[in-house]
């Protein structure tokens, strides 16, 4: 009997001090992979990305049920060899390592490869079973009967792994085969979930109704409520009838974020996987973490947009208030050689004039004394319209003023008055001094 997988992948950096996500996961129609880069090793995010990138080619290839376990094993070992090669070529990547759970499906058959302390569970009916075995110090103590299951939950060395992929020849995964049934539910998870959330709680969530996306969201949320200090990554896959499964791959965690890998003339597996993450979209019922992040980004931009609008409103309000104030101002200037009363202010704002001519006066600027011609052309400010009218009246008085020099008699004593002489006075009687009426310019 053939089946299909409907899946969802989620990853979160957690609430701890880690500055990057070292988990990587891939979910496709025939391949599920989850890797947890070792936080105690250098470049854990690179290690998890490289392994996922090396395995993604298995999805979509035709595999027979008889040989797919060997195919999966060889692919994991090739990934391990790649870690050795990168560690040798890049000193900064030396000592890196990663856990790995990989599941390859062919029909209803499922090949499973596992190394490290990331876990896989199978929910069938109401029963939830762990189908992988931890390669950890605590698990070894449990197997030897030296601690109880309750003590294992709080053991200080529960994160100490004994086997992971590091590039060494002895790094070899456990292998097993499973028969899937419609209605089964698979969970792959990093220890960020199982170290902080009780197994009974995980089981209850797996048994609850909901799409793979709903279940995955609940698992990550419960880990965050438990104040997870590690990266937490989950893949939830429901076994469904053919035709009801997911078709678009989902890639989350470091493999979808890492933008740099050791230099190479051809794209590395990690680069291929990252490119795949950028060019694929999650199923409608199970959006990828990248989509969730874009939603968070959208919210951030929305907040910024609202702030920008608020600032624009304040600026616009201030600008409008300034404009309203400007239209209550007056000044006297010139238009086509005539004295003119303007409403507004004499400055311009870019292409916009902040004043308009309100009245052109029948008074030529050229008829004014030279000094006042310059004053009018550079504008004379007025307090209001009445003040502008007064300025115009004063300008008119200057035009009517007779600016003929007035001769004066030099004083002969402090008590004598200075009087102007008649204009028909003779040169012999003309005084040696002249004055101009007030408001007239010097010749």
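Against the condition assigned by TED's automatic domain parsing to the domain that holds residue 183, buried (at least 16 other Cβ atoms within 10 Å of the Cβ), without any contact (Cβ under 8 Å) to a residue 12 or more places away in the chain and touching a helix residue (DSSP H, G or I) at 6+ places or on another chain (Cβ under 8 Å), how does residue 104 come out, does it pass? Walk me through how you get there before you give the answer.
On the way: assigned by TED's automatic domain parsing to the domain that holds residue 183: yes; buried (at least 16 other Cβ atoms within 10 Å of the Cβ): yes; without any contact (Cβ under 8 Å) to a residue 12 or more places away in the chain: no; touching a helix residue (DSSP H, G or I) at 6+ places or on another chain (Cβ under 8 Å): yes.
It is false that residue 104 is assigned by TED's automatic domain parsing to the domain that holds residue 183, buried (at least 16 other Cβ atoms within 10 Å of the Cβ), without any contact (Cβ under 8 Å) to a residue 12 or more places away in the chain and touching a helix residue (DSSP H, G or I) at 6+ places or on another chain (Cβ under 8 Å).
Kindly list the number of the only condition in (1) modelled with pLDDT of 90 or more; (2) crowded, with 23+ Cβ neighbours inside 10 Å that fails for residue 96.
Unmet for residue 96, out of (1) modelled with pLDDT of 90 or more; (2) crowded, with 23+ Cβ neighbours inside 10 Å: (1).
Can you tell me which of (1) surrounded by 17 or more Cβ atoms within 10 Å (Cβ to Cβ); (2) at pLDDT 90 or above is the one residue 71 doesn't meet?
(1)
Please determine, by comparing only the residues of the range 161-180 that are within 41 Å of the chain's Cα centre (by Cα) and not in a loop (DSSP other than H, G, I, E, B), which one is surrounded by the most Cβ atoms within 10 Å (Cβ to Cβ).
165
Considering only the range 363-376, how many residues are surrounded by fewer than 12 Cβ atoms within 10 Å (Cβ to Cβ) and in contact with a helix residue (DSSP H, G or I) (Cβ under 9 Å, 6 or more places away or on another chain)?
First, the residues of the range 363-376 that are surrounded by fewer than 12 Cβ atoms within 10 Å (Cβ to Cβ): 366, 370, 374.
So of that shortlist, the ones also in contact with a helix residue (DSSP H, G or I) (Cβ under 9 Å, 6 or more places away or on another chain) come out as 366.
So the answer is 1.
Quick check on residue 79: is it buried (at least 24 other Cβ atoms within 10 Å of the Cβ), in contact with a strand residue (DSSP E or B) (Cβ under 8 Å, 6 or more places away or on another chain) and in the same structural domain as residue 209 (by TED's automatic domain parsing)?
Considered against the rule, which asks whether it is buried (at least 24 other Cβ atoms within 10 Å of the Cβ), in contact with a strand residue (DSSP E or B) (Cβ under 8 Å, 6 or more places away or on another chain) and in the same structural domain as residue 209 (by TED's automatic domain parsing), residue 79 comes out as yes.
Can you name every residue in the range 1-19 that is touching a strand residue (DSSP E or B) at 6+ places or on another chain (Cβ under 9 Å) and either outside any strand (DSSP E or B) or under 16 Å from residue 103 (Cα atoms) (or both)?
Passing the criteria: 3, 4, 5, 6, 7, 8, 9, 13, 14.
Applying the selection to the range 29-52, what residues are under 17 Å from residue 103 (Cβ atoms) and either crowded, with 24+ Cβ neighbours inside 10 Å or touching a helix residue (DSSP H, G or I) at 6+ places or on another chain (Cβ under 7 Å) (or both)?
Listed by number, the residues that qualify are 31, 32, 33, 34, 35, 36, 48, 51, 52.
From the residues in the range 320-343 that are modelled with pLDDT of 70 or more and over 23 Å from residue 364 (Cβ atoms), which one is nearest to the chain's Cα centre (by Cα)?
327
Considering only residues that are surrounded by fewer than 22 Cβ atoms within 10 Å (Cβ to Cβ) and over 15 Å from residue 130 (Cα atoms), which ones fall in the range 181-196?
181, 182, 183, 196 - these are the residues of the range 181-196 that are surrounded by fewer than 22 Cβ atoms within 10 Å (Cβ to Cβ) and over 15 Å from residue 130 (Cα atoms).
In the range 25-60, what residues are within 15 Å of residue 86 (Cβ to Cβ), modelled with pLDDT of 95 or more and in a strand (DSSP E or B)?
35
Among the residues of the range 219-245, which ones are surrounded by fewer than 20 Cβ atoms within 10 Å (Cβ to Cβ) and touching a helix residue (DSSP H, G or I) at 6+ places or on another chain (Cβ under 7 Å)?
Within the range 219-245, 222 is the sole residue that qualifies.
Would you mind stating whether residue 136 is at pLDDT below 95, under 30 Å from residue 200 (Cβ atoms) and assigned by TED's automatic domain parsing to the domain that holds residue 256?
yes
Looking at this structure, is residue 176 touching a helix residue (DSSP H, G or I) at 6+ places or on another chain (Cβ under 9 Å), over 30 Å from residue 4 (Cβ atoms) and in the same structural domain as residue 202 (by TED's automatic domain parsing)?
no
Determine whether residue 149 is over 38 Å from the mean Cα position of the chain (by Cα) and closer than 24 Å to residue 11 by Cα.
No: the conditions fail for residue 149.
The values are calculated or read from the model by the stated rules, or taken from the named source; none is laboratory data. All values reported here derive from a predicted model rather than from experimental measurement. Positions of Cβ are backbone-derived with ideal geometry, glycine not excepted, and every protein chain shown enters the neighbour counts.
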